[in-house]
1. Can you run down the residue pairs with Cβ atoms below 9 Å, 6 or more apart or on separate chains, where the first is in the stretch 16-38 and of a type in the set (D, E, K, R) and the partner is open to solvent by less than 20 Å² (accessible area, probe 1.4 Å)?
2. For Gly18, work out the one condition from (1) of a type outside the set (Asp, Glu); (2) part of a strand (DSSP E or B); (3) more than 9 Å from the chain's Cα centre (by Cα) it doesn't fulfil.
3. So, of the residues in the stretch 1-29 that are among the charged types (D, E, K, R) and at pLDDT below 90, which turns out to be most open to solvent (accessible area, probe 1.4 Å)?
4. For the stretch 33-48, what are the residues that are exposed (fewer than 12 other Cβ atoms within 10 Å of the Cβ) and of a type outside the set (S, T, N, Q)?
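The values are calculated or read from the model by the stated rules, or taken from the named source; none is laboratory data. Model, not experiment: these values are computed from the prediction. Heads up, the Cβs are rebuilt from the backbone with ideal geometry, glycines too, and the neighbour counts pull from every protein chain shown. SASA here: full protein model, heavy atoms, side chains in, ligands and nucleic acids out. Shrake-Rupley method; radii C 1.70, N 1.55, O 1.52, S 1.80 Å.
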Amino acid sequence: MEKSDVLIAIWDGKPSSGRGGTAEIVKYARTKKKPIFWINTNSDLEVKEERINRVWWSLFKRKV
């Protein structure tokens, strides 16, 4: 996560059941203020975005 620009998480939104689980990684990314795309497995794979702004998104799209 330290070298990542963005986190893409496929997650049910539930608390972590152990060390290094998805919930723990999402929580860590939030503390580092990383942009997050969260694909919610409990709601027809709805995609939620956190900390995504137009400036960041335009920079990200250029890298892809």
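1. As it stands, the answer is Arg30/Ile36, since those pairs meet every condition given.
2. (2)
3. Taking the stretch 1-29 as the starting set, the residues that turn out to be among the charged types (D, E, K, R) are 2-3, 5, 12, 14, 19, 24, 27.
Next, only the ones that are at pLDDT below 90 stay: 2-3, 5, 19.
Details: Glu2: 119, Lys3: 197, Asp5: 84, Arg19: 224 Å².
Residue satisfying both the conditions and the ranking: Arg19.
4. Initial filter on the stretch 33-48 (exposed (fewer than 12 other Cβ atoms within 10 Å of the Cβ)): 33, 42-47.
Hits for the stretch 33-48 are Lys33, Asp44, Leu45, Glu46, Val47.
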